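Engineer: Let me begin by handing over the structure; questions about it come next.
All of the numbers you see were taken from the coordinates with simple rules; none came from a lab. Model, not experiment: these values are computed from the prediction. Positions of Cβ are backbone-derived with ideal geometry, glycine not excepted, and every protein chain shown enters the neighbour counts.
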Amino acid sequence: MSFKLSDEQLMIQSMVREFSRKVVAATAAERDQTKEFPWKNFKQMGELGLMGMMIPTEYGGEGADAVSYVLALSEIAYSCASTSVVMSVQNSIVCESINRFGTEEQKQTFLVPLAQGEIIGAFALTEPDAGSDPVSQTTTAVRDDNNYVINGTKRFITSGKNSRAVIVTAKTDETARHKGISAFLVAKDTPGLIVGHMEDKMGLRASDTTDLIFENCRVPASALLGNEGDGFKIAMAGLDSGRIGIAAQSLGVAQAALDASVKYAKKRKQFGKAIANHQGIRWQIADMATQIEAARQLVMSAASMKDRKENYTTQASMAKLFASEMVNQVTARAIQIHGGYGFTKDYPVERFYRDARVFTIYEGTSEIQRIVISNSVLK
Ligand code: CAA
């Protein structure tokens, strides 16, 4: 299978590439140091239609296809992985889940401003003792007349601090395993919803990752997303799309690492010639380019299946597994090519290496992707 991009997809790719390399790249290294959340970028990205790309236009989105979305996300990740993870979570597990399962009222209240980039959203599934196994979560939502009262702690929540809307999962029936989990769409300023500890991370430092603590947090029954008991499926379906996003993010960072390595290898001279003319370096460059291309094919294949409305769960996991492992190898090689300079902050590759490390972990570890893939192959 080969992929030929349409004129529209090429136009989106080139528009986002220009914006990303001019605007997003300019302050990425600085943000990595200051941890400043790129509000200004998100405002512009909202205006460019990048915060709810696959959402219908009547709800403030662009109505774009998944292929266009992965092209755009890769371009943003090329310049700043912190910016791209916020874009990924917003577009997929937040906006898409509301679009698929939300009521008209939830769409008007939350989806429209999210898709237009006026507010940031978060998705709270993980807990201190429930990461890869979300069914063992202990957050509860107890019905009380026309309300639910939510209690529990969520951990490692992307945009936990800066979001204004949160999809949170909680047990509404503690005896029913995954069928007892429900999802709620909660405004961040609801009393009893508290932003807890903020992580100090090795990478993605301009994206905030926090605990969210629910202490007798009372939400109206209308905050339920989908039906009672739908929460696990909403999360899994959202993660299918999210995993394509993390794979696209991996592609962007890997391409940036390769481009930086090519530039450096052509300039740096050792033993009387540019290191790009030493076979040891040329072969590394060849392997990096080949790995990136293989990952690109998997990402495009998964996104195309999504566009054709086929079941793409397995392909999303394959793309996420391969691309996230690939970017860790490619960024490590980029540092090796840069030698001692690669270990310093004078060159961007050390940031790429740190940013990429979490890609094999969040939105399902590589081990979880292998469970999903092997379940499908062996069924
Ligand atoms: N789409 C829709 N439904 C799905 C599904 C999917 N992709 N995958 C499973 N389901 C359904 C199943 O059909 C089943 O439903 P029925 O009982 O009606 O048949 C139900 O869910 C339970 O399925 P399993 O028995 O397969 O569930 P499991 O408990 O064995 O778990 C798992 C499967 C794949 C391991 C899953 O737990 C998983 O993906 N774990 C990883 C969680 C994860 O990715 N966490 C990341 C946190 S989010 C994050 O990182 C966000 C961020 O901020 C960046």
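Engineer: In which sequence would Phe322, Phe110, Phe343 go, from the one with the fewest C-beta neighbours within 10 Å to the one with the most?
Structural biologist: By the 10 Å Cβ count, ascending, the order reads Phe343, Phe322, Phe110.
Engineer: Quickly rank 74-80, 332-338, 3-9 as a protection proxy: mean count of other C-beta atoms within 10 Å, highest first.
Structural biologist: Values: 74-80: 28.0, 332-338: 21.4, 3-9: 11.7.
Those peptides, ordered most packed to least, come out 74-80, 332-338, 3-9.
Engineer: With just the Cα atoms of the range 145-290, tell me how far they stretch along each of the three principal axes, in Å, largest first.
Structural biologist: Projected onto its principal axes, the Cα set of the range 145-290 covers 79, 27, 22 Å.
Engineer: Continuing with this model, one more query. Over all pairs of distinct alpha carbons, what does the Kirkwood formula give as the hydrodynamic radius of the range 1-99, in Å? The partial results should precede the final answer.
Structural biologist: On the way: mean 1/r = 0.0727 Å⁻¹.
Result for the range 1-99 stands at 13.8 Å.
Engineer: From the cross-link list Lys201/Lys320; Lys43/Lys309; Lys154/Lys179, which pairs have alpha carbons spaced over 23 Å apart? Display every interim value, and only then the final one.
Structural biologist: Values: Lys201/Lys320 21 Å; Lys43/Lys309 31 Å; Lys154/Lys179 19 Å.
Violating the 23 Å limit, Cα to Cα: Lys43/Lys309.
Engineer: Please give the net charge around Asn91, taking every other residue with its beta carbon less than 14 angstrom from that of Asn91, where Lys and Arg add +1 and Asp and Glu add -1.
Structural biologist: On the way: positive: Arg100, Arg243, Lys306; negative: Glu62, Asp65, Glu75, Glu96, Asp240, Glu363.
Around Asn91, the charge tally is -3.
Engineer: Counting other C-beta atoms within 10 Å, which of Thr27, Thr209 has the fewest, and how do the rest follow?
Structural biologist: Details: Thr27 18, Thr209 22.
Fewest-to-most Cβ neighbours within 10 Å comes out as Thr27, Thr209.
Engineer: Could you tell me the relative contact order of the chain? Use alpha-carbon pairs under 8 Å, at least six residues apart, and round to a whole percent.
Structural biologist: On the way: 733 pairs, mean separation 61.9, N = 379.
Normalised by residue count, the contact order of the chain is 16 percent.
Engineer: Enumerate by residue number the trypsin sites (Lys or Arg not before Pro) in the range 11-68 meeting two conditions: DSSP loop (anything except H, G, I, E, B), and at most 15 other Cβ atoms within 10 Å of the site's Cβ.
Structural biologist: On the way: sites: Arg17, Arg21, Lys22, Arg31, Lys35, Lys40, Lys43; in loops: Lys35.
Passing both the DSSP loop test and the Cβ count: Lys35.
Engineer: The chain: D in µm²/s via Stokes-Einstein (Kirkwood Rh, Cα pairs, 37 °C, 0.692 mPa s)? Walk me through the intermediate numbers first.
Structural biologist: On the way: Rh = 21.1 Å.
Translational D for this selection: 156 µm²/s.
Engineer: Quote the FRET efficiency, to the nearest 0.05, computed for Trp39 versus Arg268 with a Förster distance R0 of 51 Å and r equal to the Cβ-Cβ distance. Intermediate values should be presented prior to the final figure.
Structural biologist: On the way: r = 37 Å, r/R0 = 0.73.
After rounding to 0.05, the efficiency reads 0.85.
Engineer: Okay, moving on. So what's the net charge close to Leu321: Lys and Arg +1, Asp and Glu -1, counting the other residues with Cβ under 14 Å from its Cβ? If you can, show how the numbers build up before the last one.
Structural biologist: On the way: positive: Arg243, Lys320, Arg370; negative: Asp240, Glu325, Glu363, Glu367.
Cβ neighbours under 14 Å give a net charge of -1.
Engineer: A follow-up question, please. Net charge around Thr27, counting only other residues with Cβ within less than 13 Å of its Cβ (Lys, Arg = +1; Asp, Glu = -1)?
Structural biologist: Values: positive: Arg21, Lys22, Arg31, Lys35, Lys40, Arg205, Arg351; negative: Glu30, Asp32, Glu36.
Neighbour charge sum, excluding Thr27 itself: +4.
Engineer: For Phe123, enumerate residues with amide H under 5 Å from its amide H, sequence gap 5+ or separate chain, H modeled in the peptide plane.
Structural biologist: It is Thr158, Ile167, by chain and number.
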